[in-house]
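The values are calculated or read from the model by the stated rules, or taken from the named source; none is laboratory data. Just so it is clear, the model here is predicted, and its values are computed rather than measured. Counting neighbours? That spans all protein chains shown, and the Cβs are built from the backbone with ideal geometry, glycine included.
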Amino acid sequence: MDLYKKIRNLLLIPVLLWGCNNAREVEPADLVITGGTIYTMDDQQPMVEAVAVKGDKIIFAGSNEGINKFKAETTEVLDLGGRTMTPGFIEGHGHIMGLGYNELNLDLLNTKSYDQVVDMVKEAAEKATPGEWITGRGWHQSKWNMENENMVKGFQTHDKLSAVSPDNPVYLGHASGHAGFANAKAMEIAGVLPLAKERLTEIQVEGGEIIRDQLGNPTGIFNERAQSLITKHIPETTPGRNKKALEMAINACLRNGITSFHDAGASRDALALFKDFKANGDLGIRLYVMLTGWDKGLLEEWYQKGPEIDTAEHLLTIRSVKLNCDGALGSRGAWLLEEYTDRPGHFGHETLPMEFVLETSHKALKSGFQVCSHAIGDRANREILDRYEKAFKANPGATDDHRFRIEHAQHLHPEDIPRFSELGVVPAMQAIHMSSDRPWAIDRLGEKRIVEGAYVWQTLLESGVKIVNGTDVPVEPINPIASFYASVSRKTLEGTPEGGYEPAQKMTREQALRSYTLDAAYGAFEESIKGSIQAGKLADFTVFSKNIMEVPENELLDTKVDMTVFGGKLVYQRN
């Protein structure tokens, strides 16, 4: 912060970063941007007055005097009007198709009670034909301001839901994606029946749980891999609907200043759709794709042919593998070393065998892929670090720049925190999860575990690692301003508590901006082409209505994304 304030008050020295010093030989820019505060994430000149763009690349970043050499009659000038511009924001961990389908299906992210969920399903059922599936996602029982009167193992029961949708199967995904809620009709289709004690052993799912009441009746909650008992009966979507979902997701990204997106777990069908969009010129953001680890055949195919790195257009790169190794704290699926404080005897779920993590790590190192493993609980993080370390030792020639990641790294044992830096493992942590989860996460873990190892951003940064930020959309809304606010305030979006939760773990504003730009690019091996405003890099920019580096903390959430520039083109402007 102090560095930026000092530089703002100094006369910026013109710095020509591209082309010849002779003004007559400088190629004119297609676009010049000036008239605002521009943060570059370039240590050599953290702030500039103006930027010039040719094609999709930056050709100059420096002073207003220096920019004049790049202006011609054909040059378009974008006046920021006093706004603040940064490098284009990068969503470091999300689910692009989930974002799109959240816009098409019931969006339950903002529901505040079970009754509100029931009302939304009732309205959808009244419009649906009998037998038509009703699906949605986003509810979270720990975020409701009214607790349902009938709770089993911390979750609501299906009775109210089933009463308003007797003729339609309903399945509603938890916000975390690690649990789901079904009505009686959906459970009937799946064969999960009341009091069917003779079937209990038959339909148990390894790595998952059907929540039942004391009488053995299913409550409608399916945890972790048990969700497949219901989801396998939901009709497959259509190509047209998939296309519409991706279109809506891209538009949502641009509205929120997101120019690049790390897609955490793409299926075979999604990969084909991404390639079609790129071929047709419709892929309006830059995708860095992780192959889903659930499809072993898909992984083997890619091991054989190797990564696809888009060095021409920088639109679609496929070079990572996503492994889902435990659940979430909200559903009590995160895999812990010690039992849950609010559910004694329960330690969460190992949703993927650790042997497969080790096998995947060996194969990925040998074929040039990065491994990105989902781990929220401290045991899951430790087990994965152990497997990574074993694979690194067995493949020393392939570990110079592996950049293996752990997605979320939400709750760590103190002894494992320095291992990230020691092993060169990148934590991809979504700050907004702290804001949303911290008020109730203490019930799951207790104060000691929260303080020592939960959401420990500053401790990790001080150890020398780079943090990749994001939202895990559609688990949380894609709005990067909310995650930026959580990063620097450690507060809920309601502004509580005063001073923030565990304030020693706050990021500085510079660290938070870096985690959404240059360090997020690093997490995808792309820091040489994006993440900062420097000559030769891609001309992707996010323009904010307020100065996010200086505005008072309580005004951060009032900040809007006013413009998004992608590849040198203004692709979004707020009315």
Original post:
Among the residues of segment 97-113, which ones are among the small types (Gly, Ala, Ser) and in a helix (DSSP H, G or I)?
Top reply: 98, 100
Subject >> helices (runs of 4 or more DSSP H) wholly inside segment 201-283 that include at least 1 residues being more than 30 Å from residue 530 (Cα to Cα) and touching a helix residue (DSSP H, G or I) at 6+ places or on another chain (Cβ under 9 Å) >> reply: 228-231, 239-255
Original post:
When residue 116 is evaluated against the numbered criteria (1) of a type outside the set (D, E, K, R); (2) surrounded by fewer than 19 Cβ atoms within 10 Å (Cβ to Cβ); (3) part of a loop (DSSP other than H, G, I, E, B), which criterion, by number, is the only one it fails?
Top reply: (3)
Subject >> strands (runs of 3 or more DSSP E) enclosed by segment 127-187 - at least 1 residues per element that are surrounded by fewer than 16 Cβ atoms within 10 Å (Cβ to Cβ) >> reply: none
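Do you know which of the residues in segment 150-208 that are aromatic (Phe, Trp, Tyr) and modelled with pLDDT of 95 or more is nearest to residue 345 (Cα to Cα)? Outline the logic, then answer.
Of all residues in segment 150-208, those aromatic (Phe, Trp, Tyr) come to 155, 171, 181.
Imposing the further condition that a residue be modelled with pLDDT of 95 or more reduces the set to 171, 181.
Details: 171: 28, 181: 23 Å.
So the residue we want is 181.
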Original post:
Restricting attention to segment 445-493, which residues are within 27 Å of residue 348 (Cβ to Cβ) and free of Cβ contacts under 8 Å to residues at least 12 places away in the same chain?
Top reply: 447, 448
Subject >> Flag for residue 517 being surrounded by fewer than 21 Cβ atoms within 10 Å (Cβ to Cβ) and not assigned by TED's automatic domain parsing to the domain that holds residue 561 >> reply: no
**OP:** Go over the candidates 86, 111 one by one and state the one that is of a type in the set (Ser, Thr, Tyr), touching a helix residue (DSSP H, G or I) at 6+ places or on another chain (Cβ under 8 Å), at pLDDT 95 or above and surrounded by 20 or more Cβ atoms within 10 Å (Cβ to Cβ).
**Re:** 86
Subject >> Tally of residues being within 21 Å of the chain's Cα centre (by Cα) and of a type in the set (A, V, I, L, M, F, W, C) across segment 530-562 >> reply: 7
**OP:** Filter segment 54-70 down to the residues that are of a type in the set (Gly, Ala, Ser) and not in a helix (DSSP H, G or I), then identify the one that is surrounded by the most Cβ atoms within 10 Å (Cβ to Cβ).
**Re:** 61
**OP:** Quickly run through segment 298-335 and pick out the residues that are more than 22 Å from residue 405 (Cα to Cα) and small (Gly, Ala, Ser).
**Re:** 312, 330, 331
**OP:** Any chance you could count how many residues in segment 285-309 are within 30 Å of residue 572 (Cα to Cα), in contact (Cβ under 8 Å) with a residue 24 or more places away in the chain and not hydrophobic (A, V, I, L, M, F, W, C)?
**Re:** 2
Original post:
Which of the following residues is more than 30 Å from residue 497 (Cβ to Cβ), of a type in the set (Gly, Ala, Ser), out of contact with any helix residue (DSSP H, G or I) (no Cβ under 8 Å at 6 or more places or on another chain) and assigned by TED's automatic domain parsing to the domain that holds residue 451: 377, 397?
Top reply: 397
